[in-house]
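*Asks:* Quick one: this structure, given as structure tokens, is what I'll be asking you about.
The values are calculated or read from the model by the stated rules, or taken from the named source; none is laboratory data. Everything numeric in this text was worked out from a predicted model, so none of it was measured. Every residue, glycine as well, gets a Cβ built from its backbone with ideal geometry; the counts of neighbours run over all protein chains shown. Surface accessibility is based on the protein's heavy atoms, side chains included, excluding ligands, DNA and RNA. Shrake-Rupley method; radii C 1.70, N 1.55, O 1.52, S 1.80 Å.
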Amino acid sequence: MKLASLKQGRDGGLVVVSRDLRRMLPASGIAPTLQAALDRWDECAPGLAALAERLEPWTGEGEAFDAALCAAPLPRAYQWADGSAYVNHVALVRRARGAELPESFWSDPLMYQGGSDSFLGPREPILMDTEAWGIDFEGEVAVVTGDVPQGADVSTAGRAIRLVMLVNDVSLRELIPAELAKGFGFFQSKPSSAFSPVAVTLDELGAAWDGRRLHGTLEVSRNGALFGRADPGVDMSFDFATLIAHAARTRPLGAGTIIGSGTVSNRAADGGPGRPVSDGGLGYSCIAEQRTVETLHAGKPATPFLHFGETVRIEMRDPSGQSIFGAIEQHVEKRR
């Protein structure tokens, strides 16, 4: 089933959405919000699934679904922990700034705890004070968990995955170096992230979900031009079950915890850095990675970060061309 949160109050109003993303039914009789459903998942999931079945096939039930009316599936969450599961991405970015990649990065996942109190809906703008901050998008996949006990092993962690969704983890690249140099991690350089219109249960994904990874093509576009088409199931050094177990090593995770994959990144067929879409490659899921490859090849980056007035779109389709999660589509605007 596909679940969304309409913009109602601070935590949204839960609706069940049809597979074609055209219709919806309110779920308030089962759970008023997605967080409430996750808190009582075993009790609520059968009722939500029954609502979903009423929308398939089309019977005339339901109201029109409009992604513009959506908040993030979880408008605010108890926890948002973003991993960096694609070590290829980490290696490239560090290489561009002359930093060595510690060998431990291949065996011990990177993860930071981001702000989770002000997520953006899929059509809400990216509001920034200045372009000088180096505004970038990051196309990612995320999972939402149920309760995870402290010290959970990878198998237990994998069974806790409830939902999958897409993310634009907005980054301010020109603020990152100074923050990391302090030795205390990201804060100002990681503003509010945006999420896809719907979050999807694992059974709905079919063969695209292998139990720990999502496979397919993550389409990332800039101003209508395809920027990246990487497969999130390829070159993922740490799968979602591993990331969850890593997060739960020293503390339990509450239902509604969101775990991100980090920027999706694929190597080229020869094992080297990927090539731009314009050169027949898979492109990139963020501007920083393209700038890194440009620096490695030409000594300096050529692609600018985002300017006010630009548009970012992130989407994933099934083999028939149907959007799975709906699209994140955001304009970059100056905050007033």
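*Asks:* Where the second residue is in a helix (DSSP H, G or I) and surrounded by 15 or more Cβ atoms within 10 Å (Cβ to Cβ) and the first is at negative phi and of a type in the set (Asp, Glu) and lies in the range 286-311, which pairs have Cβ atoms under 8 Å and are six or more apart or on separate chains?
*Replies:* Close Cβ pairs satisfying both conditions: Glu289/His89; Glu289/Leu92; Glu289/Val93.
*Asks:* Just give me the residues in the range 13-62 being in contact (Cβ under 8 Å) with a residue 60 or more places away in the chain and assigned to a loop (DSSP other than H, G, I, E, B), in sequence order.
*Replies:* Arg19, Asp20, Leu21
*Asks:* Output yes when any residue across the range 193-202 is over 14 Å from the mean Cα position of the chain (by Cα) and either buried (at least 24 other Cβ atoms within 10 Å of the Cβ) or in a loop (DSSP other than H, G, I, E, B) (or both), and no when none is.
*Replies:* Of the residues in the range 193-202, the ones over 14 Å from the mean Cα position of the chain (by Cα) are 201-202.
From the residues that got through so far, the ones that are either buried (at least 24 other Cβ atoms within 10 Å of the Cβ) or in a loop (DSSP other than H, G, I, E, B) (or both) too are none.
Within the range 193-202 (the criterion being over 14 Å from the mean Cα position of the chain (by Cα) and either buried (at least 24 other Cβ atoms within 10 Å of the Cβ) or in a loop (DSSP other than H, G, I, E, B) (or both)), the answer is no, since none of the residues qualifies.
*Asks:* Considering the range 268-285 alone, what residues qualify as being over 17 Å from Pro301 (Cα atoms) and touching a residue at least 24 places away in the same chain (Cβ under 8 Å)? Walk me through how you get there before you give the answer.
*Replies:* Taking the range 268-285 first, the residues over 17 Å from Pro301 (Cα atoms) are 268-272, 280-282.
Leu282 - this is the single residue of the range 268-285 that is over 17 Å from Pro301 (Cα atoms) and touching a residue at least 24 places away in the same chain (Cβ under 8 Å).
*Asks:* Return the pairs, sorted by first residue and then second, in which the second residue is part of a loop (DSSP other than H, G, I, E, B) and crowded, with 16+ Cβ neighbours inside 10 Å, the first residue lies in the range 149-175 and is on the phi > 0 side of the Ramachandran plot, the beta carbons are less than 9 Å apart, and the residues are 6+ apart or on different chains.
*Replies:* What qualifies is Gly151/Ala248.
*Asks:* Residue check: is Ala181 surrounded by fewer than 20 Cβ atoms within 10 Å (Cβ to Cβ), more than 22 Å from Leu69 (Cβ to Cβ) and either of a type in the set (Lys, Arg) or at pLDDT below 95 (or both)?
*Replies:* Against the criterion (surrounded by fewer than 20 Cβ atoms within 10 Å (Cβ to Cβ), more than 22 Å from Leu69 (Cβ to Cβ) and either of a type in the set (Lys, Arg) or at pLDDT below 95 (or both)), Ala181 qualifies.
*Asks:* Does at least one position in the range 82-95 carry a residue that is basic (Lys, Arg), open to solvent by 50 Å² or more (accessible area, probe 1.4 Å) and modelled with pLDDT of 95 or more?
*Replies:* So far as the range 82-95 goes, no, none of its residues is basic (Lys, Arg), open to solvent by 50 Å² or more (accessible area, probe 1.4 Å) and modelled with pLDDT of 95 or more.
*Asks:* Any idea which of (1) within 18 Å of Phe137 (Cβ to Cβ); (2) touching a strand residue (DSSP E or B) at 6+ places or on another chain (Cβ under 7 Å) is the one Ile244 doesn't satisfy?
*Replies:* Failed condition: (1).
*Asks:* Looking only at residues in the range 282-322 that are small (Gly, Ala, Ser) and open to solvent by less than 10 Å² (accessible area, probe 1.4 Å), which one is farthest from Gly134 (Cα to Cα)?
*Replies:* From the range 282-322, those small (Gly, Ala, Ser) are 283, 285, 288, 298-299, 302, 309, 320-321; that's our starting set.
Keeping just the survivors that are open to solvent by less than 10 Å² (accessible area, probe 1.4 Å) gives 283, 285.
Numbers: Gly283: 20, Ser285: 16 Å.
Going through the qualifying residues, I end up with Gly283.
*Asks:* So Ala160 fits all but one of (1) open to solvent by less than 10 Å² (accessible area, probe 1.4 Å); (2) within 27 Å of Arg229 (Cα to Cα); (3) in contact with a helix residue (DSSP H, G or I) (Cβ under 8 Å, 6 or more places away or on another chain); what number is the exception?
*Replies:* (2)
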